[in-house]
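Participant: This structure is in structure tokens; I'll ask about it shortly.
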Amino acid sequence: MPDTATMEKMAERLAEAKGEKKEFSGSEILLLSLLKEGVECVFGYPGGAVLPIYDSLYSGSLRHVLARHEQGAIHAADGYARATGRAGVVIATSGPGATNLVTGIANAQMDSIPLVCITGNVAQSLIGTDAFQEADIMGITMPITKHSYFVSDVNDIPRVVKEAFHIATTGRPGPVLIDIPKDVSNAKAPFHYPETVSIRGYQPHCDPHPIQVQRLHQAVREAKKPVILAGGGVVTAGAEEELIAFAEQARIPVTTTLMGLGGFSGEHPLWLGMPGMHGTYAANHALLECDLLIGIGARFDDRVTMGRLDKFATGAKIVHIDIDPAEIGKNVDTFIPIVGDVRKVLQAANRGVPCSQSEEWLQQTAEWKKRYPLKFQDSEESVKPQWVIRHLYETTHGKAIVTTDVGQHQMWVAQYFQFAKPRSFISSGGLGAMGFGFPSALGAQLARPDETVICVTGDGGFQMTNQELAVAALMNIPVKTVIINNRCLGMVRQWQEVFYQERYSEVDLTASPDYVKLAEAYGVKGFRAKTKEEVVQVWKEAMSHPGPVVLDIWVTPEENVYPMVAPGSGLDEMIMGDEKQ
Amino acid sequence: MRHIISVLVNDQPRVLARVANLLGRRNFNIESISVGESEEPGLSRMVIVTNGDERMMEQVSKQLHKLVDVIKVQDLSEHPSVARELLLVKVEAGPSVRHEISGIVEPFRASVVDVGPHSMMVQATGERSKLDALLELLRPYGIKEMARTGVTALSRSVARAGV
Ligand SMILES: Cc1ncc(C[n+]2csc(CCOP(=O)(O)OP(=O)(O)O)c2C)c(N)n1
């Protein structure tokens, strides 16, 4: 939340704009439009083509976070969006500023995160001439945005902003780009913000078809071995309570995808864990043997099905609930398609949902959970990464927002931190973009200042965006960064060990900076731990320190993520990791 | 199977790029695309000829629908429809064979639209197969250049006399 002084300035600004005849510059209109949308904080980086926009920001009526790289800015905006469900806003200049956003835009598109990305462009008289810092960012990002606008007339700005927020946040959310050439942000016009929005080609489906809900009831009634596969759509729709009610009434166990973690409490007895490549035995075998599979806001991607559809839920009727009709039938054949907002669908489904015939099946899944829990070989001499994650979980009682980077540590967080609440696990799922963890934690913490925000990252990933330490220090954003330091690109090393006969090619990170000194150079507190006692100690200190902290935790480098399903194998071919003994 | 898809889109800059980009990115193949005005000001009609099984066609149509600038998607292969293409072809034709070529062209209700010292240009419209047949007959004379518009199509009225 902005402070009171900023709020007053915002209100003043909007009041001023009421003077009907007054004219404003395009950049002022943009700012006023953002205020109208209730935007409290934007992330960005200035440059030539956005000079007019930054000049408007100078008044201080909108909080701006100056990242140290546009990728940092957009991941922070993304973290802000994931932590709140509201659109994150990022501003970048033309050319290199805009192209630096590309990874972040793709990331948001893959995970259906609402972002409004504002880029400056060169003046329209120069467009198409390869002018200095010109890039066709609209063309570049066409495949990775939900929609995009090039604003050629200053009078269009309010409508475009209104539409952009509407499109970004409704239906299946996603990133929307607004490209504004410099002459348009300089041009003058009066400010009229539209009250409503109507876009002929954009009418997201919301309410489910009653007949399909009846068919779902029938299928549940008949099912002996049902399972729910809950994905990110549950989190997006805020349907966690409805999902618990549905699962409990119908007596159906639940597995949550990486994006769905927290959408169904990891502490609930019906939870089976995460499925797929690094999923639990219980979750994968439930998917293999079920007779009814209810996919809810999940897209059956290859990290869950392993791309082996011939082996995936072969004996099951598949029910697919999703707000995006294009997801239904894309990867798996669907017996009952239900298009709609997941929350609304579950609300409808919960009226009169029957109990399935799952008694024996629930015993079976519980037995699997007991017999094949996640496990690792703990050690007293060295620090095991899994132990670190469990320690974080136990000491916070799970009451924290955890962001991750990409790699082994990400999977260990997914496995060993049992997320009980939606929007508490923030991770680059679809794109798997290293560099996401740290800046997204900053965004999440700014959005939810009262929560504990932990960034669990790898020594590889942290180095992709660690320049944002400057932001953490300057704004005193108290994110606790935990580097799971294995001195290598762990996940790649694991694949080279398992699939490439231990030919470790370019994964050695021993020549890395001293992360404690690096943190200190930015004015951030740094700690190092190489034993379990030290971990316990420095974590305590980190948690009691009111500002940002970086923990450099040295773990055993040869640890692998298990269970594991090799690419090309079916979910029935799990490598449990204890085969050698 | 070959499908003809009619897509009503906003007449906006880049709309063709959006559609083509989507089809390419999703690995849907395109035989032809034609775009032009529609009956409604501000909207264009795109006619896309593509190949694929039922599942693929369902994806094509659903993914097209997700584009904000797409208003309506219709698979014309599911309804009676009229599909036509325009062909312009420049055939090698010295004075001695001009008459012969005119004779070939006539039954196709095609016409000669330009004559030069060594060539003549034939214009034909119709279904793809008819144009293919005409081309086969013209090929022995030597085809110097040709251009085809790709298919454009409309669904037939429900109660109609087929022409
Ligand atoms: C931007 C980017 N480049 C490359 C990769 C491929 N990749 C996936 S995991 C991984 C290793 C990550 O190493 P580290 O950050 O140390 O985490 P660890 O796996 O050791 O926990 C790499 C290189 C990626 N996901 N993202």
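Participant: Filter the range A:246-278 down to residues that are assigned to a helix (DSSP H, G or I) and open to solvent by less than 20 Å² (accessible area, probe 1.4 Å) and give me whichever is nearest to A:ALA349 (Cα to Cα). Steps first, answer last, please.
Facilitator: Step one: filter the range A:246-278 for residues assigned to a helix (DSSP H, G or I), giving A:246-250, A:258-260.
Filter again for open to solvent by less than 20 Å² (accessible area, probe 1.4 Å), leaving A:246-247, A:250, A:260.
Details: A:PHE246: 8, A:ALA247: 11, A:ALA250: 10, A:GLY260: 20 Å.
My answer is A:PHE246.
Participant: Now a separate question. Within the range B:49-86, work out how many residues are of a type in the set (Asp, Glu) and either crowded, with 18+ Cβ neighbours inside 10 Å or not in a helix (DSSP H, G or I) (or both).
Facilitator: Residues in the range B:49-86 being of a type in the set (Asp, Glu) and either crowded, with 18+ Cβ neighbours inside 10 Å or not in a helix (DSSP H, G or I) (or both): 4 in total.
Participant: Please enumerate the residues belonging to the range B:10-42 that are over 22 Å from B:ARG148 (Cβ atoms) and either touching a Lys or Arg at 6+ places or on another chain (Cβ under 9 Å) or in a helix (DSSP H, G or I) (or both). Give the derivation first.
Facilitator: Of all residues in the range B:10-42, those over 22 Å from B:ARG148 (Cβ atoms) come to B:10-15, B:18, B:21-22, B:25-27, B:39-42.
Those that are over 22 Å from B:ARG148 (Cβ atoms) and either touching a Lys or Arg at 6+ places or on another chain (Cβ under 9 Å) or in a helix (DSSP H, G or I) (or both): B:ASN10, B:GLN12, B:VAL15, B:ARG18, B:ASN21, B:LEU22, B:ARG25, B:GLU39.
Participant: In addition: Looking at the range B:109-146 only, could you name the residues that are of a type in the set (Val, Ile, Thr) and in contact (Cβ under 8 Å) with a residue 12 or more places away in the chain? Working first, answer last.
Facilitator: Step one: list which residues in the range B:109-146 are of a type in the set (Val, Ile, Thr), which gives B:112-113, B:115, B:122, B:125, B:143.
Passing the criteria: B:VAL113, B:VAL115, B:VAL122, B:THR125, B:ILE143.
Participant: Does A:ASN485 satisfy the condition of being within 11 Å of the ligand (Cβ to nearest atom) and surrounded by 13 or more Cβ atoms within 10 Å (Cβ to Cβ)?
Facilitator: yes
Participant: I'd like the residue in the range A:141-170 that is under 17 Å from the mean Cα position of the chain (by Cα) and touching a residue at least 40 places away in the same chain (Cβ under 8 Å) and, out of all such residues, is most open to solvent (accessible area, probe 1.4 Å). Show your work before the answer.
Facilitator: To start, the set of residues in the range A:141-170 that are under 17 Å from the mean Cα position of the chain (by Cα) comprises A:144-146, A:168-170.
Narrowing further to those that are touching a residue at least 40 places away in the same chain (Cβ under 8 Å): A:144-145, A:168-169.
Values: A:ILE144: 33, A:THR145: 13, A:ALA168: 0, A:THR169: 60 Å².
Ranking the qualifying residues of the range A:141-170, first place goes to A:THR169.
Participant: To continue, here is another question. Scan (1) modelled with pLDDT under 95; (2) on the phi > 0 side of the Ramachandran plot for the single condition A:HIS205 breaks and write down its number.
Facilitator: (2)
Participant: Could I ask something else about it? Look through A:PRO439, A:PRO422 and report the one residue that is touching a His at 6+ places or on another chain (Cβ under 7 Å) and either under 23 Å from A:ALA106 (Cβ atoms) or not aromatic (Phe, Trp, Tyr) (or both). Full working, then the answer.
Facilitator: On the way: A:PRO422 fails: touching a His at 6+ places or on another chain (Cβ under 7 Å).
Step by step, each of A:PRO439, A:PRO422 is checked, and only A:PRO439 is touching a His at 6+ places or on another chain (Cβ under 7 Å) and either under 23 Å from A:ALA106 (Cβ atoms) or not aromatic (Phe, Trp, Tyr) (or both).
Participant: Provide a single number: the residues in the range A:404-437 that are on the phi < 0 side of the Ramachandran plot and either part of a loop (DSSP other than H, G, I, E, B) or in contact with a Phe, Trp or Tyr (Cβ under 6 Å, 6 or more places away or on another chain) (or both).
Facilitator: The initial filter retains those residues of the range A:404-437 that are on the phi < 0 side of the Ramachandran plot, namely A:404-406, A:408-422, A:424-431, A:433-434, A:436-437.
Next, from what is left, pick out any that are either part of a loop (DSSP other than H, G, I, E, B) or in contact with a Phe, Trp or Tyr (Cβ under 6 Å, 6 or more places away or on another chain) (or both): A:405-406, A:417-422, A:424-425, A:427-431, A:433-434, A:436.
So the answer is 18.
Participant: Being within 14 Å of another protein chain (Cβ to nearest Cβ) and over 17 Å from A:SER185 (Cβ atoms) is the requirement here; does A:ILE127 meet it? Talk me through it step by step, then tell me what you get.
Facilitator: Numbers: within 14 Å of another protein chain (Cβ to nearest Cβ): yes; over 17 Å from A:SER185 (Cβ atoms): no.
It is false that A:ILE127 is within 14 Å of another protein chain (Cβ to nearest Cβ) and over 17 Å from A:SER185 (Cβ atoms).
Participant: Let me ask something else about it. Please state which of the following conditions A:ILE477 fails to meet, knowing it meets all the rest: (1) in contact (Cβ under 8 Å) with a residue 60 or more places away in the chain; (2) of a type outside the set (D, E, K, R); (3) within 16 Å of the ligand (Cβ to nearest atom).
Facilitator: All conditions are met except number (3).
Participant: Turning to a different aspect of this structure: With the condition kept exactly as written, say whether any residue in the range A:387-400 is charged (D, E, K, R) and open to solvent by less than 10 Å² (accessible area, probe 1.4 Å).
Facilitator: Looking through the range A:387-400, none of the residues is charged (D, E, K, R) and open to solvent by less than 10 Å² (accessible area, probe 1.4 Å).
Participant: Considering only the range A:509-527, state which residues are over 28 Å from the mean Cα position of the chain (by Cα) and within 20 Å of A:GLU558 (Cβ to Cβ).
Facilitator: A:THR510, A:ALA511
Participant: Looking at the range A:504-540, which of its residues are surrounded by 13 or more Cβ atoms within 10 Å (Cβ to Cβ) and of a type in the set (D, E, K, R)?
Facilitator: A:ASP508, A:GLU520, A:LYS525, A:ARG528, A:LYS530, A:LYS532, A:GLU534
Participant: Among the candidates B:GLY150, B:GLY126, B:GLY94, single out the residue that is open to solvent by less than 70 Å² (accessible area, probe 1.4 Å) and more than 25 Å from B:SER38 (Cβ to Cβ). Walk me through how you get there before you give the answer.
Facilitator: Details: B:GLY150 fails: more than 25 Å from B:SER38 (Cβ to Cβ); B:GLY126 fails: more than 25 Å from B:SER38 (Cβ to Cβ).
Going through B:GLY150, B:GLY126, B:GLY94 in turn, just one is open to solvent by less than 70 Å² (accessible area, probe 1.4 Å) and more than 25 Å from B:SER38 (Cβ to Cβ): B:GLY94.
Participant: Residue under question is A:GLY315, and the condition is that it be within 14 Å of chain B (Cβ to nearest Cβ), open to solvent by 10 Å² or more (accessible area, probe 1.4 Å), of a type in the set (Gly, Ala, Ser) and in a loop (DSSP other than H, G, I, E, B); does it hold?
Facilitator: Values: within 14 Å of chain B (Cβ to nearest Cβ): no; open to solvent by 10 Å² or more (accessible area, probe 1.4 Å): yes; of a type in the set (Gly, Ala, Ser): yes; in a loop (DSSP other than H, G, I, E, B): yes.
Taking the combined requirement at face value, the residue does not satisfy it.
Participant: Just checking, how many residues over the range A:288-312 are over 22 Å from the mean Cα position of the chain (by Cα), more than 14 Å from chain B (Cβ to nearest Cβ) and more than 28 Å from A:ASP207 (Cα to Cα)? Even if it seems obvious, please write down each step before you answer.
Facilitator: First, the residues of the range A:288-312 that are over 22 Å from the mean Cα position of the chain (by Cα): A:288-294, A:307-312.
When the remaining residues are screened for being more than 14 Å from chain B (Cβ to nearest Cβ), the result is A:288-294, A:307-308, A:310-312.
Checking which are more than 28 Å from A:ASP207 (Cα to Cα) leaves us with A:288-289, A:307-308, A:310-312.
Summing the residues that are over 22 Å from the mean Cα position of the chain (by Cα), more than 14 Å from chain B (Cβ to nearest Cβ) and more than 28 Å from A:ASP207 (Cα to Cα) in the range A:288-312 gives 7.
Participant: Also, I was wondering about something else. So, in the range A:391-419, exactly how many residues are in contact (Cβ under 8 Å) with a residue 12 or more places away in the chain and more than 16 Å from the ligand (Cβ to nearest atom)?
Facilitator: From the range A:391-419, those in contact (Cβ under 8 Å) with a residue 12 or more places away in the chain are A:391-393, A:395-396, A:398-419; that's our starting set.
Pick out the ones that are also more than 16 Å from the ligand (Cβ to nearest atom) and you get A:391, A:393, A:395-396, A:398-401, A:418-419.
The number of residues fulfilling the criteria is 10.
Participant: While we're here: Within the range A:194-218, how many residues turn out to be away from every other protein chain (no Cβ under 14 Å) and either of a type in the set (D, E, K, R) or open to solvent by less than 30 Å² (accessible area, probe 1.4 Å) (or both)? Before the answer, list the steps.
Facilitator: We begin by selecting, within the range A:194-218, every residue away from every other protein chain (no Cβ under 14 Å); these are A:194-196, A:206-218.
Remaining after also requiring either of a type in the set (D, E, K, R) or open to solvent by less than 30 Å² (accessible area, probe 1.4 Å) (or both): A:195, A:207-208, A:213, A:215-217.
Going through the range A:194-218 one residue at a time, the tally reaches 7.
Participant: While we're on this one: For the range A:425-468, how many residues are out of contact with any Asp or Glu (no Cβ under 8 Å at 6 or more places or on another chain), farther than 20 Å from A:ALA414 by Cβ and more than 16 Å from the ligand (Cβ to nearest atom)?
Facilitator: 5
Participant: A follow-up question, please. Residues to consider are A:ALA349, A:ALA366, A:ALA326; find the one that is buried (at least 22 other Cβ atoms within 10 Å of the Cβ), at pLDDT 95 or above and of a type in the set (Gly, Ala, Ser). Even if it seems obvious, please write down each step before you answer.
Facilitator: On the way: A:ALA366 fails: buried (at least 22 other Cβ atoms within 10 Å of the Cβ); A:ALA326 fails: buried (at least 22 other Cβ atoms within 10 Å of the Cβ).
It is A:ALA349.
Participant: What helices (runs of 4 or more DSSP H), lying completely within the range A:1-119, carry at least 3 residues that are crowded, with 19+ Cβ neighbours inside 10 Å and in contact with a strand residue (DSSP E or B) (Cβ under 8 Å, 6 or more places away or on another chain)? Steps first, answer last, please.
Facilitator: Values: elements: A:4-17, A:26-36, A:51-57, A:70-84, A:96-99, A:102-111.
Once the helices (runs of 4 or more DSSP H) in the range A:1-119 are filtered for at least 3 residues that are crowded, with 19+ Cβ neighbours inside 10 Å and in contact with a strand residue (DSSP E or B) (Cβ under 8 Å, 6 or more places away or on another chain), what remains is A:26-36, A:51-57, A:70-84, A:102-111.
Participant: In this structure, does A:TYR500 turn out to be loosely packed, with under 15 Cβ neighbours inside 10 Å and either within 16 Å of the ligand (Cβ to nearest atom) or closer than 17 Å to A:THR404 by Cβ (or both)? Outline the logic, then answer.
Facilitator: Values: loosely packed, with under 15 Cβ neighbours inside 10 Å: yes; either within 16 Å of the ligand (Cβ to nearest atom) or closer than 17 Å to A:THR404 by Cβ (or both): yes.
Spelling it out, A:TYR500 is indeed loosely packed, with under 15 Cβ neighbours inside 10 Å and either within 16 Å of the ligand (Cβ to nearest atom) or closer than 17 Å to A:THR404 by Cβ (or both).
The values are calculated or read from the model by the stated rules, or taken from the named source; none is laboratory data. Remember, predicted model here, so these are calculated numbers, not experimental data. Cβ: placed from backbone, ideal geometry, glycine included. Neighbour counts: every protein chain shown. We work out accessible area using only protein heavy atoms, side chains counted, and drop any ligands, DNA or RNA first. Shrake-Rupley method; radii C 1.70, N 1.55, O 1.52, S 1.80 Å.
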